[in-house]
Amino acid sequence: MEPNPTPPPDNCTHLFRSSWSLYDAILAGNYMSHREIHACVREVLMAQANHGRFALLDLGCGNARLLADTLRTLAPRRYLGVDLSPSALAEAAHYLHGLPHVELREQDLLACAQDEAAASTEVVYSGFAVHHLNTADKQRLFHAVARLLRPEGSFLLVDVVRDEGQTREAYLERYLHLMRSTWTGIEPTRLEEACQHVAAFDYPEMLSALTQMSVSAGLGEPHVLGQFGAHTVMHFRQSPAIA
Ligand SMILES: C[S@@+](CC[C@H](N)C(=O)[O-])C[C@H]1O[C@@H](n2cnc3c(N)ncnc32)[C@H](O)[C@@H]1O
């Protein structure tokens, strides 16, 4: 197994602590396919809403900007957004202003998933945050999510994923090349800052590894709802209640 220490959260969230202008520029250029990804996420949330009002736990919520409009339409019975970046949470409070049943919490995402009450949540969502965890913590996260999801609940995981057999080094070489050659709307010093963040803190898994973690936690195999380069939307389902 490759050495993959979970970086202290102080470090891997540094890029998101002082300012969200960089991430907003990435969104504006759609460099990480947020537009297409959010269309997939919205579809799952709308299907969930058709079964009744749902609770949503958002792990590594950032500024919640992309989800905000969808949440206003679907009115979840509870939205809990968790992040270690106070500036992200301050922006999330702004984007979610006026929406009832919203809680924003400054906490480590794994700790939060482990703390939440068993079978309390219909949907767990995480966008581009889980790749910061080491392999053992990712496995712990799957177990924690399996514990807190209600029967037939959904775990929507949006993240970067390595190709099968691709080393982290080969992944980084390709991804950093893509960033430097196509993220042309980002100011060069900020782009370099983003590249350094990726090189230091991104530990994406292969889909087969995430599948193994999910199966061993009892969530079964994922449905891949969308794949846009390395940016992948995975849907894991909790089993139905046993009658
Ligand atoms: C790339 S941003 C993604 C934000 C949002 N989920 C999205 O998809 O647009 C990653 C977020 O995860 C947060 N994060 C990273 N590691 C975390 C951890 N261990 N616990 C809580 N938040 C974490 C960062 O602070 C940052 O806000």
Could you work out the helix-only [θ] at 222 nm for the chain, with each DSSP H run of four or more residues adding -39,500 (n - 2.57) and the total divided by the number of residues, to the nearest 500 deg cm²/dmol? -13500 deg cm²/dmol
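Can you give the charge dipole size of region 21-237 about its Cα centre, rounded to the nearest 20 debye, using +1 on the beta carbon of Lys and Arg and -1 on the beta carbon of Asp and Glu? Don't jump to the answer; show the numbers that get you there.
On the way: 18 positive and 26 negative charges, 110 e Å.
Approximately 520 debye in magnitude.
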Which stretch or stretches of region 159-176 have amide N atoms under 18 Å from the point lying 7 Å from Thr135's Cα along the Cα→Cβ direction? 160-172
Give me the distance in nm between label points sitting 7 Å out from Cα along the Cα-to-Cβ direction at Glu103 and Asn30, one decimal. 3.6
Bins of 5 Å from zero: percent of alpha-carbon pairs in region 21-237: 1, 7, 15, 20, 21, 18, 11, 6, 2, 0
Given R₀ = 41 Å, what would the calculated FRET efficiency be for Phe201 paired with Arg150, taking r from the Cβ atoms and rounding to 0.05? 0.80
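Only the coordinates and a few stated rules stand behind these numbers; no lab work does. Fair warning: this is a prediction, and the values are worked out from it, not measured in the lab. Neighbour counts are summed over all protein chains in view; Cβ atoms, including those assigned to glycine, are modelled from backbone coordinates with ideal geometry.
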